[in-house]
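Structure record follows, encoded as structure tokens.
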Amino acid sequence: MSMAMGGESRDSNSELSAGASPASVASISIGWCSGVAERHPLWCGIALFGLAVAVFANGLSGSFYLDDNEFLERRPAIRSLSTAWQSLATRRVGTVSFAINYRLHGLDPRGYRMVNIAIHGLAACALFGFARRTLALPGVADWYASRATALGWSIAAVWLVHPLQTGSVTYVVQRFEALMGLFFLFALYALARVAEARTAWPWLAASLASVALAAQTKEIAAMFPAVAIAYDRVFLASGWRELARRRGWYHLAALGIALWMIYQVRSALLPERAGSAGFGVASVTPWEYFRSQAGVLVHYLWLSVWPGTLCLDYRWPIAHSPSDIYVPGLLIVGLLAMTAWALWRAPRWGFLGVCFFAILAPTSSIMPIADLAFEHRMYLPLAAVVAVAVLAAARFAGPSWPRRSDVSEVATRTDGNAVLSSGADWNRCALVPAALLGVVLVALSARTIVRNRDYLDPVRMWNSVLAVSPWNYRAHNQVALQYEQRGRLVDAERSFQETLRYRPDAWWVDVGIGNLRARQNRLADAERHFRRDAEHKAGVGLAAANLGRLREREKKWSEAVMFYDVAVARDPGHINVWLAKANAHAHLGQAAEAAATYRHVLELDPRSVDAKRGLARWQEAAKTTPVSAGTERKPADPLSGS
């Protein structure tokens, strides 16, 4: 048997009656995709969408995590549509979606996750349409083409419910990954429609529009031109000349979109620019990152097959030992060699390898990213892994599917599909594929539902992280913060000390311990920790905000205002500090200053109820009250002493 999807002989299964083609009888065998679904694939899409809701709904009320807190709670980018569009050069579409979410739901996690589930369901529908139409293309073996709808739905369904997808659906801020994936998959679907379209350009234009949206959602979209060219050459064009003649303009346009996106983020990638991604990342060099990624890729592949232990935040260590570098490295080199061989001998299988490696290339090659591994990066590449598994498993199970003796009567319609007149025989034919798919979907769905429960309890989530990576100082710090919120101050301090054990220069631990001391009414000790935090350049703003809150507790409102001024100068988008500053002005009776600061809060967050109430109270007084000053002593530098 040739592994090329196009290399299958159309004369196989010759023992079947001459009145029915092998492809027709094979299509009957997929009982779970009935004739109704074959004629009306929309029902398959509706089933996928319902499956997404059923599997991911139990995680709706989970907490925000990591970048969720920073991006959604503490930054003004999503507070209005205008600031959302201007905030990130290549992530405007995703940020605008968050702004719409905020306008409708505030900071209720359920609203954000409902949108994420809808995006994921639509992405699965796009994958189903793409896989179904690709398998039905001329040149693909009849064995697959006759089962295009069933196999396409199986690929999309397994991809949809896979536990790895919680990293892009239940982890709210990773909507960027899922939304980019939706646009990426729809662009491929539109490209696949060209094969049977009477007029190709509308579908190609729709594909380019989707590529543009993907490029304004996340940077991984830069790899679309490579995937699209490979798809066109393997499935649509008979040669490079035909590809250039018929769709050369399309590929040049897609490449132009990708290059424009890269141009927009070019400064962030330069060595001179420190950040969390690019050649200026301080924590890992390009060589260290490259030699560590083979192990990461092997781990991704393992989780694709056996997603037993998932981790929100790996803090993946840099590979140093030969066994950590060369063993997974040889495996990845072998897979790359197999992909190259397949492109030559069985290009339709090779295309799946190209998809996997091309989409992961920006995050798993030589350009450093502060976090070496994150599960959401497998959102799209997982589709290639699932497609290989489903197609190979279906073909392997082929010999056990019904023969002529299993079929009582076959009638071939004019469109080439076949129907059975015997319901009992049809049900018997459907048993094997339905059982196999059912077992896989139930197992994966159950694991996904269990994983979603981790998001409901932050302590449970972060302890699950520590079970995988006990050296993860961020996880220890998050556990400490959760213990502090729950009043378990002794456990919180113990976790803060664990944070320092694995990251001795973790200046933010002083903030946490300072807050513990403040809750214990040990204000002098709290101030000492906050001031020590201010010795670090990155901690000045946070230290000033906390010192301002201490002054509030001491009723020293004038000093509180001065500390808040320092804090907002360091972080102009910190809405809560601006609100605290406005309240401090109000306590001092400074009506004009209070009203102006409340207005500024509403500019940053038009939904702020506290700011609306404060402004309503003080704006009238501000018209008649002159700018006033507090009577307390004001140090020239609030961080230089009390």
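Tell me, what is the FRET efficiency for Arg501 and Glu70 to the nearest 0.05, using R0 = 25 angstrom and their Cβ-Cβ distance as r? Walk me through the numbers before you get to the answer.
Values: r = 24 Å, r/R0 = 0.98.
Efficiency, rounded to the nearest 0.05: 0.55.
Need one number: nm distance between label points at Arg103 and His587, each 7 Å from Cα along Cα→Cβ, rounded to one decimal.
Output for this residue pair reads 3.6 nm.
Order these peptides, 383-391, 537-545, by their mean beta-carbon neighbour count within 10 angstrom, highest first. Intermediate values should be presented prior to the final figure.
Working: 383-391: 22.6, 537-545: 19.7.
Ranked by mean Cβ neighbours within 10 Å, highest first: 383-391, 537-545.
Could you check the simple spin-label distance between Ala206 and Arg599, using points 7 Å along Cα→Cβ, in nm with one decimal?
My value for the distance between the label points is 4.9 nm.
Give me the accessible area per residue for segment 46-196, probe 1.4 Å, as a whole number in Å².
On the way: 4320 Å² over 151 residues.
About 29 Å² of surface per residue is accessible.
Kindly write out, for segment 602-608 in residue order, the coupling ³J(HN,Hα) from the Karplus curve 6.51 cos²θ - 1.76 cosθ + 1.60 (θ = phi - 60°), rounded to whole Hz, with x marking Gly and Pro.
5, 5, 6, 9, x, 8, 5
What ³J(HN,Hα) values, in whole Hz, does the Karplus curve 6.51 cos²θ - 1.76 cosθ + 1.60 give for segment 277-283 when θ = phi - 60°, with x put for Gly and Pro?
Coupling constants for segment 277-283: 8, x, 7, x, 4, 7, 7 Hz.
With θ set to phi - 60° and the Karplus curve 6.51 cos²θ - 1.76 cosθ + 1.60, what are the ³J(HN,Hα) couplings of segment 182-189 in order, to the nearest whole Hz, using x for Gly and Pro?
4, 5, 4, 5, 5, 4, 5, 4
Just the number, please: carbon plus sulfur as a percent of the accessible area of segment 488-592, 1.4 Å probe, no ligands or DNA/RNA counted. Walk me through the numbers before you get to the answer.
Working: 2270 of 4570 Å².
Carbon-and-sulfur percentage of accessible area, whole number: 50.
Amide H neighbours of Trp316 under 5 Å, at least 5 residues apart or on other chains, H built in the peptide plane: list them.
The answer is Leu372, Ala373.
What ranking, highest mean first, results for peptides 279-289, 203-213 when packing means the other Cβ atoms within 10 Å averaged over each residue?
Highest-to-lowest ranking by the protection proxy: 203-213, 279-289.
Enumerate the amide H contacts of Val281 below 5 Å, restricted to partners 5 or more residues apart or on another chain; note that Pro and chain-start residues carry no placed amide H.
Placed amide hydrogens put Gly275 under 5 Å from Val281.
The values are calculated or read from the model by the stated rules, or taken from the named source; none is laboratory data. Only a predicted model underlies this, so the values are computations on that prediction, with no experimental measurement involved. Positions of Cβ are backbone-derived with ideal geometry, glycine not excepted, and every protein chain shown enters the neighbour counts. When the accessible area is computed, the model is the full protein with side chains, heavy atoms only, and any ligands, DNA or RNA have been set aside. Shrake-Rupley method; radii C 1.70, N 1.55, O 1.52, S 1.80 Å.
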